[in-house]
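Undergrad: Pasting in a structure now, in structure tokens, and then I'll have a few things to ask.
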Amino acid sequence: MKLVPDRFDAMVRPRGQVFYGWWIVLSAAGVQWFSAFLWMSSYGAYVVLLEEEFQWSKALLSGAFALTRIESGLLGPLQGWMVDRYGPIPVLRAGIVLFSIGFMLFSQVQNLWQFYSTFVLIALGTSLGGYATLMVSLVNWFNRYRATAISLSQLGYSLGGLCIPLLALALEAFGWRVVAFSSGVLVLLLGLPMVQLVKHRPQDHGEVPDGIDYDHADAPAPPRAQIQFTAREAMRTSSFWLISMGHALALLIVSAVMVHLIPHLTNGSGYTLVMASQIVLVLTLFQIVGQLLGGWAGDRVSKRLVCAACMVAHTVGLLLVTYFSNWSAVLGFCVLHGLAWGVRGPMMVAIRADYFGTEAFGTIMGFSSLIVMFGMSGGPIIAGVMADADGNYVNGFTVLSILALSGALCFIAAKPPTSPIRTHLAQRSE
């Protein structure tokens with residue numbers, strides 16, 4: 001067992017064997033790649049084509065996306081408990097299958113109720129077979145390098161965004177129905193083998209977090225105390241609520257951009273669909289840079305203060321693309337929003353694990369999702385409804401920017417919680 005916590009040594013053992021946690025990182029990155037490429041980052045392109053074919057309003061199209069986020073939030077506590085209790089693999093398998101079936105059925109929709117029905121399956125699939133389930137495994141396998149591992153896994157999501165121009169070309173060449181059905185097949189073929197690599201806890205496989213035996217006499221002290229909160233104990237702290245609210249406010253902007261950026265650029269700023277998808281590519285490049293910075297910074301500096309700074313960048317970036325259509329303003333948006341999204345994203349997971357431990361992490365994240373879902377679902381609805389009423393996104397994006405700015409205050413106030421009472425009692429008895 002490697003004892004010196006050098007970053008390269010934590011990845012590769014003396015005999016060249018890679019610490020298994022990094023294979024889980026690779027698997028998580030792959031799952032998030034096809035999720036972003038085929039659905040989350042590409043939904044804005046589908047919105048343009050669905051609006052043309054069915055003449056559905058932006059509010060109705062936003063509502064479908066919001067439905068997936070609401071369903072994910074409501075599912076969160078049960079999903080978290082299931083992963084904590086049974087491990088991630090059975091939950092991931094079920095999610096991949098549902099995601100695939102939902103996509104195939106989506107390719108056949110002819111009316112609004114069918115459209116919304118397929119989104120129920122897609123929501124179940126992306127929730128069970130995606131981000132939240134994967135993160136439970138990662139926070140258990142990493143301690144010192146937790147932010148780095150999470151940020152590297154989330155690079156998969158960003159790389160999926162880089163592929164959006166290819167998907168836009170496919171949509172124009174083959175039509176959205178062919179692309180949607182093919183995507184469902186691809187999810188099944190790629191997803192099931194990938195999730196087989198994901199394991200729950202290192203202790204179950206003869207390993208320790210980071211691959212470093214901190215209990216060895218010659219090993220350095222562990223990087224952070226392993227205080228373990230139950231879900232009930234975590235929810236009694238102000239930090240749980242402040243982090244959840246800050247996360248929700250950040251996702252007001254993130255979700256609105258995911259759904260409405262391409263329609264805003266094509267309908268309001270005069271860009272073509274391909275040009276708008278290229279802007280998404282530039283945005284994603286800066287998100288990748290942000291994720292690399294976030295992984296480095298998250299293991300070294302105050303996560304809550306960095307998150308507060310990211311909220312300011314989210315706000316300023318959205319205001320730039322709202323009020324200016326020239327390329328320099330759009331580039332400024334890509335830089336600010338992309339970096340903020342990339343840096344803040346991994347820290348949302350890492351800060352909860354740092355504050356509350358890993359034993360009940362899935363359940364804690366699940367209950368937090370009940371709050372976070374209001375941001376993820378509310379952003380697209382607010383922007384869509386106001387765009388239908390005003391004929392543009394200016395007022396909707398402005399309102400979201402102001403709301404998101406208050407999230408900086410939430411993160412500043414979210415200081416590390418005190419240990420649970422039972423921890424104090426245990427320490428006194430030793």
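Undergrad: Do me a favour and compute the ellipsoid semi-axes for the chain from its Cα gyration tensor, root of five times each eigenvalue, largest one first, whole Å. Could you put the intermediate results ahead of the total?
TA: On the way: eigenvalues 256, 110, 81 Å².
Result for the chain: semi-axes of 36, 23, 20 Å.
Undergrad: Over the chain, what is the mean sequence separation of C-alpha contacts under 8 Å (at least six apart), divided by residue count, expressed as relative contact order in percent? Don't jump to the answer; show the numbers that get you there.
TA: Numbers: 771 pairs, mean separation 116.7, N = 430.
Once normalised by length, the contact order is 27 percent.
Undergrad: Also, quick follow-up: Normalised by the residues of region 330-430, what does the relative contact order come to in percent, with Cα pairs under 8 Å and at least six apart?
TA: Numbers: 22 pairs, mean separation 15.6, N = 101.
So the answer I get is 15 percent.
Undergrad: Radius of gyration and Dmax for region 231-324's Cα atoms, expressed in Å?
TA: Gyration radius and largest Cα-Cα distance of region 231-324: 16.3, 52 Å.
Undergrad: What are the ³J(HN,Hα) values, in whole Hz, obtained from phi via the Karplus relation 6.51 cos²θ - 1.76 cosθ + 1.60 with θ = phi - 60°, for each residue of region 335-348 in sequence order, with x given for Gly and Pro?
TA: The phi angles translate into 5, 5, 5, x, 5, 4, 4, x, 5, 6, x, x, 6, 4 Hz.
Undergrad: Hey, what do the phi angles of region 160-173 turn into as Karplus ³J(HN,Hα) couplings, whole Hz, using 6.51/-1.76/1.60 and θ = phi - 60°, x for Gly and Pro?
TA: Running phi through 6.51 cos²θ - 1.76 cosθ + 1.60 with θ = phi - 60° gives x, x, 5, 8, 4, x, 5, 5, 4, 5, 5, 4, 6, 7 Hz.
Undergrad: Per the helix-only calculation at 222 nm, which mean residue ellipticity applies to the chain, given -39500 (n - 2.57) for every DSSP H run of n ≥ 4 and division by its residues, nearest 500 deg cm²/dmol?
TA: Working: 19 runs with 323 residues, N = 430.
Here the helix-only value at 222 nm equals -25000 deg cm²/dmol.
Undergrad: Also, I was wondering about something else. Rounded, prolate or oblate: which one fits region 335-384, using the alpha carbon gyration tensor with axes a ≥ b ≥ c (rounded when a/c is under 1.5, else prolate when a/b beats b/c, else oblate)?
TA: oblate
Undergrad: In addition: Starting from the Cα-Cα distance between Leu188 and Phe324, subtract it from 0.36 nm times their residue separation and give me the gain in nm to one decimal. Write out the running numbers ahead of the final one.
TA: Numbers: separation 136, 0.36 × 136 = 48.96 nm, distance 4.15 nm.
Taking Leu188 through Phe324 to full extension adds about 44.8 nm, to one decimal.
Undergrad: Kindly express, to the nearest 10 degrees and within the range 0 to 90, the angle between helix 131-141's C-alpha long axis and the longest C-alpha principal axis of the chain.
TA: The angle comes out near 20 degrees.
Undergrad: Placing +1 at every Lys and Arg Cβ and -1 at every Asp and Glu Cβ, with all other atoms neutral, what dipole size does the chain have around its Cα centre, in debye to the nearest 20? Each step should come with its number before you reach the end.
TA: Details: 24 positive and 21 negative charges, 150 e Å.
About 720 debye.
Undergrad: Next question, about the same structure. Testing the spin-label approximation: label points 7 Å from Cα along Cα→Cβ at Tyr86 and Ser406. State their distance in nm.
TA: The answer from the label model is 3.9 nm.
Undergrad: Once phi is turned into ³J(HN,Hα) by the Karplus curve 6.51 cos²θ - 1.76 cosθ + 1.60 with θ = phi - 60°, what whole-Hz value does each residue of region 365-379 show in order, with x for glycine and proline?
TA: Ordered by residue, 3J(HN,Hα) equals 4, x, 5, 5, 5, 5, 8, 4, 4, 5, x, 5, 8, x, x Hz.
Undergrad: Under a Cβ-only charge scheme (Lys and Arg +1, Asp and Glu -1), can you give me the dipole magnitude of region 323-429 about the Cα centre, in debye to the nearest 20? Can you show the working numbers first?
TA: On the way: 5 positive and 4 negative charges, 105 e Å.
That gives region 323-429 a dipole magnitude of about 500 debye.
Undergrad: According to a simple spin-label model (label point 7 Å from Cα along Cα-to-Cβ), what is the distance in nm between Val399 and Thr418?
TA: Between Thr418 and Val399, the label points sit 4.1 nm apart.
Undergrad: A further question follows. Using only Cα atoms, tell me the angle between helix 176-195 and the longest principal axis of the chain; keep it within 0 to 90° and round to the nearest 10.
TA: 10
Undergrad: Next question, about the same structure. What does the extension gain come out to for Val18 and Val312, with contour length at 0.36 nm per residue minus their alpha carbon separation? If you can, show how the numbers build up before the last one.
TA: Numbers: separation 294, 0.36 × 294 = 105.84 nm, distance 3.87 nm.
The Val18-Val312 span can extend by a further 102.0 nm.
Undergrad: Trypsin sites (Lys or Arg not before Pro) within region 237-308: which are DSSP loop residues with at most 16 other Cβ atoms inside 10 Å?
TA: Loop-located and lightly packed - Arg300.
Undergrad: Taking the mean number of other Cβ atoms within 10 Å as a proxy for protection, how do you rank 385-392, 363-370 from highest to lowest?
TA: Going from most to least packed, we get 363-370, 385-392.
Undergrad: Between Arg201 and Ala389, what is the label-to-label distance in nm when each label sits 7 Å out along the Cα-to-Cβ direction?
TA: Going by the 7 Å Cα→Cβ label model, 5.0 nm.
Undergrad: I've got another one for you. Enter the angle in degrees (range 0 to 90, nearest 10) between the Cα long axis of helix 112-128 and the first principal axis of the Cα atoms of the chain, meaning the one along which they spread out most.
TA: Between helix and principal axis, roughly 20 degrees.
Undergrad: I've got another one for you. For Val274, project a label point 7 Å along Cα to C-beta. Then give me every residue of region 316-337 with its amide nitrogen under 20 Å of that point.
TA: 327
Undergrad: Please list, in order, the residues from region 363-381 whose amide nitrogen is less than 20 Å from a point placed 7 Å along the Cα→Cβ vector of Arg232.
TA: Backbone N within reach: 363-370.
Where a number appears in this text, it was derived from the coordinates with a stated rule and is not lab data. A quick note: this is a predicted structure, and the numbers were derived from the prediction, not measured. As a convention, Cβ positions derive from the backbone with ideal geometry for all residues, glycine included, and neighbour counts pool all protein chains shown.
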